[in-house]
Amino acid sequence: MQVLLLFFVACVSIGHTQAYSAYRDAQIIAEYKRQLILNHAKIARQLVHRANWASVGSISTNKIVKDYPMVNIISIDDNNLEGKSSGVIRFLLTDLDFTGPDWQNNNKVTFLFSDEQTLNCKNANKDPMEPTCARVIISGQVKKLPKDEPSYTPALNTFIARHPAAANWIKKHNFYLCELDIQNIFVLDFYGGPHQVNASDYYAIKI
């Protein structure tokens, strides 16, 4: 059915004055086959691991824009103790910023990662809005990590190793370590709309 739809779109785009193009049809089929073999969960893991930061959306508690969506930039880390991808998204928050107060009122947030963050799209002459400039949208709930857990200090040290400036943030602005409890993942990496990825499939990827 999808193949037929692609053929229909191709025919419409050709216009009344252009002849049928077997070459264009072959291109469409090749693109469709390429889409079928894309591993969306792997693309999500790789993009998250390469990114040092993410755009984060929350529901604002700021009195000036209360109940509007608020967007922030947050440094992230998904490394394990060996410096390899764990898939677990950790980040620092402070109540002096937008996201800190917001999540305590409604802890549902959405993270956006784009391949443009690594300049891969620019270097390939792709516009950031092109579907082939991969983006990953991850929704979940903020979980503040207890400082008395044995895993807290190693996780914090791993974060600081990736973001050395964070050591000063913690001292001066009361930042605390959090983790995203992932509920849903959308991956847009090709034409045809986003693909849903289960968190279990995302974590199962080895990179």
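The values are calculated or read from the model by the stated rules, or taken from the named source; none is laboratory data. Keep in mind the model is a prediction, meaning the values are calculated, not measured. Please note: Cβ atoms are built from the backbone with ideal geometry, for glycine as well, and neighbour counts cover all protein chains shown. What goes into the accessible areas is simple: the full protein's heavy atoms, side chains included, and nothing from ligands, DNA or RNA. Shrake-Rupley method; radii C 1.70, N 1.55, O 1.52, S 1.80 Å.
Taking the criterion of being outside any loop (DSSP other than H, G, I, E, B) and in contact with an Asp or Glu (Cβ under 8 Å, 6 or more places away or on another chain), would at least one residue in the range 188-199 satisfy it? Yes, the range 188-199 has at least one match.
Say whether the condition of being open to solvent by 20 Å² or more (accessible area, probe 1.4 Å) and either under 16 Å from Ala44 (Cβ atoms) or in contact (Cβ under 8 Å) with a residue 24 or more places away in the chain (or both) is met by at least one residue in the range 120-129. Looking through the range 120-129, at least one residue is open to solvent by 20 Å² or more (accessible area, probe 1.4 Å) and either under 16 Å from Ala44 (Cβ atoms) or in contact (Cβ under 8 Å) with a residue 24 or more places away in the chain (or both). Scan the range 172-207 for residues that are of a type in the set (D, E, K, R) and either open to solvent by less than 80 Å² (accessible area, probe 1.4 Å) or within 24 Å of Gly83 (Cβ to Cβ) (or both) and jot them down. Answer for the range 172-207, where residues must be of a type in the set (D, E, K, R) and either open to solvent by less than 80 Å² (accessible area, probe 1.4 Å) or within 24 Å of Gly83 (Cβ to Cβ) (or both): Glu179, Asp181, Asp189, Asp201, Lys206.
Residue check, Ser85 against (1) of a type outside the set (Asp, Glu); (2) surrounded by fewer than 19 Cβ atoms within 10 Å (Cβ to Cβ); (3) farther than 23 Å from His195 by Cα, all met but one. Which one? The one condition Ser85 does not meet is (3).
Output the residue which, of all residues in the range 162-171 that are without any contact (Cβ under 8 Å) to a residue 24 or more places away in the chain and either among the small types (Gly, Ala, Ser) or at positive phi (or both), is surrounded by the most Cβ atoms within 10 Å (Cβ to Cβ). My answer is Ala167.
Yes/no matrix, rows are residues, columns are (1) closer than 19 Å to Ser55 by Cα; (2) in contact with a helix residue (DSSP H, G or I) (Cβ under 7 Å, 6 or more places away or on another chain); (3) among the β-branched types (Val, Ile, Thr):
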position: Ser114; (1), (2), (3): yes, no, no
position: Lys126; (1), (2), (3): no, no, no
position: Pro146; (1), (2), (3): no, yes, no
position: Tyr152; (1), (2), (3): no, no, no
position: Thr158; (1), (2), (3): no, no, yes
position: Asn168; (1), (2), (3): no, no, no
position: Asn184; (1), (2), (3): yes, no, no
position: Asp201; (1), (2), (3): no, yes, no
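Check whether at least one residue in the range 41-49 is open to solvent by less than 50 Å² (accessible area, probe 1.4 Å), under 29 Å from His195 (Cβ atoms) and of a type in the set (Lys, Arg), and report yes or no. Yes, that holds for at least one residue. Collect the residues in the range 130-159 that are open to solvent by 40 Å² or more (accessible area, probe 1.4 Å) and hydrophobic (A, V, I, L, M, F, W, C), keeping them in residue-number order. The answer is Ile137, and nothing else.
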